[in-house]
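Participant: Got a structure here, written out as structure tokens. Questions coming.
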Amino acid sequence: GAGVSQSPRYKVAKRGQDVALRCDPISGHVSLFWYQQALGQGPEFLTYFQNEAQLDKSGLPSDRFFAERPEGSVSTLKIQRTQQEDSAVYLCASSLTGINYGYTFGSGTRLTVV
Amino acid sequence: RKEVEQDPGPFNVPEGATVAFNCTYSNSASQSFFWYRQDCRKEPKLLMSVYSSGNEDGRFTAQLNRASQYISLLIRDSKLSDSATYLCVVTLPYNTNAGKSTFGDGTTLTVKP
């Protein structure tokens, strides 16, 4: 596709519900990143994939968060037993090779946990 | 102390003004530097990379001072359309920690007629 596509655009979840957020990166992009952005703050790193390998998951806030990219293209971020503090915008970014040329972000998924 | 610190502003300037934003970072191993622009309720978009020699893109000039671990963005002849939040981004070398990027919390600019 022409850009990074994320779905859903908005998600309202009841506390305790599981959610799955999808990212479809730019075709051929090797690197894929997930970031979490709370209101009034900059994006915070969650995890990074190079093709299907998850090379860094140090930013995942708890074991309720899980990300995968099984075929090296589409990625899913799953949050189990959502809590109110999980409410944020989840941004996906991709990059053709490494990271030194800047990212292209998707429009994000705005998650609200009620 | 945050790894990347920016003055949150807001900066309110008239059209045509020159405005400068500053950013400091704490990790001296940082290798790549960027400025992103984020409009309200939109995703961040890459504005420009920042090089040690300084670089210019139209009305925008970015500077990097590695010794002081300091990055700046200068906007000349401000336009209404420049109103946005400007995010400073610092990236580790690719061979350490997979080149993770750290974002500042942003500086908000409002350009008024």
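Participant: Just to verify a result, which residue in the range A:90-103, among those that are in contact (Cβ under 8 Å) with a residue 24 or more places away in the chain and surrounded by fewer than 19 Cβ atoms within 10 Å (Cβ to Cβ), is farthest from the other protein chains (Cβ to nearest Cβ)?
Facilitator: Result: A:Leu96.
Participant: Can A:Leu77 be described as surrounded by 15 or more Cβ atoms within 10 Å (Cβ to Cβ) and touching a Pro at 6+ places or on another chain (Cβ under 9 Å)?
Facilitator: no
Participant: Please specify each residue of the range A:2-44 satisfying the condition of being within 20 Å of A:Leu96 (Cα to Cα) and aromatic (Phe, Trp, Tyr).
Facilitator: A:Phe33, A:Trp34, A:Tyr35
Participant: With the condition kept exactly as written, say whether any residue in the range A:57-65 is surrounded by fewer than 16 Cβ atoms within 10 Å (Cβ to Cβ) and either within 11 Å of the chain's Cα centre (by Cα) or under 19 Å from B:Gly106 (Cβ atoms) (or both).
Facilitator: Looking through the range A:57-65, none of the residues is surrounded by fewer than 16 Cβ atoms within 10 Å (Cβ to Cβ) and either within 11 Å of the chain's Cα centre (by Cα) or under 19 Å from B:Gly106 (Cβ atoms) (or both).
Participant: Still on this model: Any residue at all in the range A:59-79 that is more than 10 Å from chain B (Cβ to nearest Cβ), hydrophobic (A, V, I, L, M, F, W, C) and touching a residue at least 60 places away in the same chain (Cβ under 8 Å)?
Facilitator: Checking the range A:59-79: at least one residue is more than 10 Å from chain B (Cβ to nearest Cβ), hydrophobic (A, V, I, L, M, F, W, C) and touching a residue at least 60 places away in the same chain (Cβ under 8 Å).
Participant: Same structure, new question: Regarding the range A:29-47, can at least one residue be identified that is free of Cβ contacts under 8 Å to residues at least 60 places away in the same chain, more than 15 Å from the chain's Cα centre (by Cα) and surrounded by 13 or more Cβ atoms within 10 Å (Cβ to Cβ)?
Facilitator: Yes, the range A:29-47 contains a residue that is free of Cβ contacts under 8 Å to residues at least 60 places away in the same chain, more than 15 Å from the chain's Cα centre (by Cα) and surrounded by 13 or more Cβ atoms within 10 Å (Cβ to Cβ).
No value in this document is a laboratory result; all are computed from the given coordinates. Note that the coordinates shown come from a computational prediction; the quantities given were computed from them, not determined experimentally. A quick note on method: Cβ atoms are made from the backbone with ideal geometry, for glycine too, and the neighbour counts reach across all protein chains shown.
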